[in-house]
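The values are calculated or read from the model by the stated rules, or taken from the named source; none is laboratory data. This is a predicted model, so every value here is computed, not measured. Don't worry about glycine lacking a Cβ; one is built from the backbone with ideal geometry, like all the others, and counts go over all protein chains shown. Ligands, DNA and RNA are excluded from the accessible area calculation, which covers all protein heavy atoms including side chains. Shrake-Rupley method; radii C 1.70, N 1.55, O 1.52, S 1.80 Å.
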Amino acid sequence: MADAPVFRLYNSMTRQVDAVEPLEDGHLRFYACGPTVYTYAHIGNFRSFLTADLINRTAQALGWETTFVSNVTDVGHLTQDDLVDPEGADKMAAALEREGQRFANIYDLARYYTGALLDDWHALNLQNPDVRPRATEHIAHQIKAVERLMERGHAYETDQGVYFSVETFPEYGKLSGNEAAEQLQATERETVQDPDKKDPRDFALWKKDPDHLMQWHSPWGWGFPGWHIECSAMSMAYLGEAFDLHTGGEDLAFPHHECEVAQNECLTGATSVRYWVHTRFLQVEGEKMSKSSGNFFTVRDLIEPPEDGGRGVDPLALRYTLMAGQYRKPFNFTKKTLSDSARIIRRYQDAAEQVEEALQADEEGPDHAADTLPDCYDATLAAMCDDLNTPKALATALEGVKFIQGLGRDLNGATARTAQQWLVDTNDLLGIIWHQGDAEAAATGENADLATKVNALLDERAAARESGDYDRADAIRDELDAMGIEVMDAPDGTTWKRKAVL
RNA sequence: GGUGACGUGGCCGAGUGGUUAGGCAGAGGCCUGCAAAGCCUUGUACGGCGGUUCGAAUCCGCCCGUCACCUCCA
């Protein structure tokens with residue numbers, strides 16, 4: 001095997017592609033900002049989580065150990081509504097209000113959407129983080145962090161809350177480039193209106209609010225923590241004061257990560273995170289994804305079976321689509337790309353079946369893949385190491401599939417074993433061939449009634465074909481097509497599958 | 001106004017000084033009752049204007065356009 005490639009990623013802090021050198025040799029420790037669980041996560045959220053997953057897989061492919069922490073934000077933080085209505089609800093409280101009697105309380109709502117998040121996470125073949133901390137379970141850590149910031153003179157208390165004092169951290173702005181105080185002042189950006197704030201850039205560490213739906217007791221009375229402090233507290237709790245890498249969506253660079261940098265570095269007196277990786281927003285059909293444009297998709301909108309209101313898309317096809325563009329470039333998510341991806345996923349699965357059959361048959365012969373597939377894998381890994389160049393990695397991997405499919409009778413036992421190894425390695429790296437669990441069955445909704453109906457029609461069609469009544473056979477094909485069933489004849493029999501509704 | 005990206009053929013998307021991306025769609029062929037899949041062959045390109053260079057899609061400058069963040073947001 002060739003020398004291992006150097007893993008490089010674009011670092012928002014240095015604004016260049018840097019070689020990733022873990023603090024602890026051969027052990028990457030990183031944190032991925034997770035979502036607020038007040039509704040279903042959408043495909044844009046998952047593009048960001050996918051970036052973390054691919055970093056994890058690439059590091060593992062290089063033989064590194066990884067410690068991957070990704071949080072769940074289940075505290076309702078302030079929303080813009082507070083500007084209009086200072087007594088208004090936070091976004092979780094607003095969701096509870098919106099959903100009426102569906103949930104008994106805010107904690108049930110958070111639990112429900114956390115579960116939905118995990119279902120979608122698994123459906124998309126995202127590896128589980130080693131730790132998935134919840135903000136509500138780390139309030140003590142957050143309070144301690146705020147206390148420490150106060151002790152060190154980086155925070156102060158007012159009648160309404162506790163704030164981080166930005167002027168005590170001169171490097172504030174170094175991540176986002178938003179360094180000019182007057183610019184920040186120019187826009188009305190505080191979600192917390194507090195006349196006692198010393199500097200408009202100062203942000204809340206603790207909000208006093210004895211009426212909030214979620215509240216905890218603190219040295220400053222009843223209330224709830226500021227948004228940014230949870231990630232500082234939880235990342236340090238599981239990764240230590242200094243760790244390697246932190247990911248999130250591009251919108252998080254400012255203010256969330258900027259504030260995190262300030263908190264962390266004031267807490268520890270040193271650089272706490274070396275690499276910041278931000279995933280670009282995606283567009284859908286050329287437009288910003290929004291509910292009003294009708295181009296807003298959650299994962300379950302796409303992968304659930306049609307009878308449950310979904311579109312029956314193979315979750316791996318969705319994953320493949322999200323990988324079709326590099327994480328750092330604008331990406332236009334289209335139904336066309338989704339259906340293209342479904343075909344390619346199918347192709348991988350066909351190749352995997354061919355290999356499986358060849359392993360069973362185990363015919364004698366030389367290994368025809370030994371000179372090709374290992375190199376193909378190395379090239380795929382090299383592409384991933386090059387700032388997660390997924391388009392190139394996918395193109396390279398597809399060459400391997402074409403090679404396997406083109407083997408024909410050369411796919412003997414020895415060749416199949418090499419091919420199988422390539423499939424396993426490629427799947428470990430890209431996660432696009434096999435579902436890690438039973439997500440497929442859940443997603444495509446095995447439907448016994450439907451299967452009975454389809455099989456009856458197929459039996460009738462087989463009889464028609466047998467007797468040469470092709471008009472009848474084609475009529476049955478049309479009938480099945482109208483039911484959303486695609487029929488495929490092959491030398492060893494007829495198979496069918498449900499078509500995606502796009 | 002500030003900050004950061006991006007503009008490649010019908011579409012999606014690699015490539016960063018001279019040599020192939022790849023996929024989809026299109027065209028022709030093989031195979032198949034038909035269809036699908038697969039295989040073979042095949043065309044179309046680098047936003048605009050200058051500059052550097054023997055040579056630029058690739059480097060530099062300017063312009064045009066698109067997007068994102070600066071306000072909850074992946």
- Message: If packing is taken as the average number of other Cβ atoms within 10 Å across a peptide's residues, how do A:26-33, A:15-22 rank, most packed first?
- Response: A:26-33, A:15-22
- Quick one: accessible surface of A:Tyr38, probe radius 1.4 Å, all protein chains present, in square angstrom to the nearest 10. 70
- Message: Give me Rg/Rg_expected for the range A:456-502, where Rg uses Cα atoms only and Rg_expected = 2.2 N^0.38 Å with N residues.
- Response: 1.13
- Query: For A:Asn128 and A:Leu213 in one chain, what is 0.36 nm times their gap in residues minus the Cα-Cα distance, to one decimal in nm?
  - Reply: 27.6 nm
- Long-range amide H partners of A:Glu65 with built H, under 5 Å: A:His27, A:Leu28
- Note on the structure: Computed over the range A:318-376, protein heavy atoms only, probe 1.4 angstrom, the accessible area per residue in square angstrom equals 52
- Message: Please give the Cα centre distance for the range A:210-240 versus the range A:90-151, rounded to the nearest Å.
- Response: 12
- Message: Taking 8 Å as the Cα distance limit and 6 or more residues as the minimum spacing, I'd like the relative contact order of chain A as a percentage.
- Response: 17
- Message: Let me check something: with ligands and nucleic acids excluded, how do A:Tyr327, A:Tyr10 order by accessible area (1.4 Å probe), largest to smallest?
- Response: A:Tyr10, A:Tyr327
- Query: Amide H to amide H under 5 Å from A:Gly161: which residues, 5+ apart in sequence or cross-chain, H placed 1.01 Å off N in plane?
  - Reply: A:Lys208
- Item | Whole-number Å³ per residue for the convex hull built on Cα positions in the range A:8-279 | 123
- Query: Structure shown: which of A:Lys288/A:Lys402; A:Lys208/A:Lys291; A:Lys174/A:Lys198 lie over 27 Å apart, alpha-carbon to alpha-carbon?
  - Reply: A:Lys288/A:Lys402; A:Lys208/A:Lys291
- Task: At a 1.4 Å probe radius, which order do A:Trp220, A:Trp206 fall into by accessible area, largest first?
- Result: A:Trp220, A:Trp206
- If we count every other residue with Cβ under 15 angstrom of A:Asp371's Cβ, Lys/Arg +1 and Asp/Glu -1, where does the sum land? -4
- Query: Counting Lys +1, Arg +1, Asp -1, Glu -1, what net charge surrounds A:Arg465 among other residues with beta carbon under 14 Å of its beta carbon?
  - Reply: -4
- Query: Over chain A, with a single point scatterer placed on each C-alpha, what log10 of the ratio I(q)/I(0) does the Debye formula yield at q = 0.09, 0.12 1/Å?
  - Reply: -0.72, -1.13
- Determine the per residue accessible area of the range A:8-279 with all protein chains present and a 1.4 angstrom probe, expressed in square angstrom. 39
- Item | Percent accessible area from carbon and sulfur atoms, the range A:8-279, protein chains only, probe 1.4 Å | 45
- Note on the structure: To the nearest Å², the heavy-atom accessible area per residue of the range A:447-498 with 1.4 Å probe amounts to 65
- Out of residues 5 or more away from A:Thr334 or on other chains, whose amide H comes under 5 Å of its own, with H placed 1.01 Å from N in the peptide plane? A:Glu285
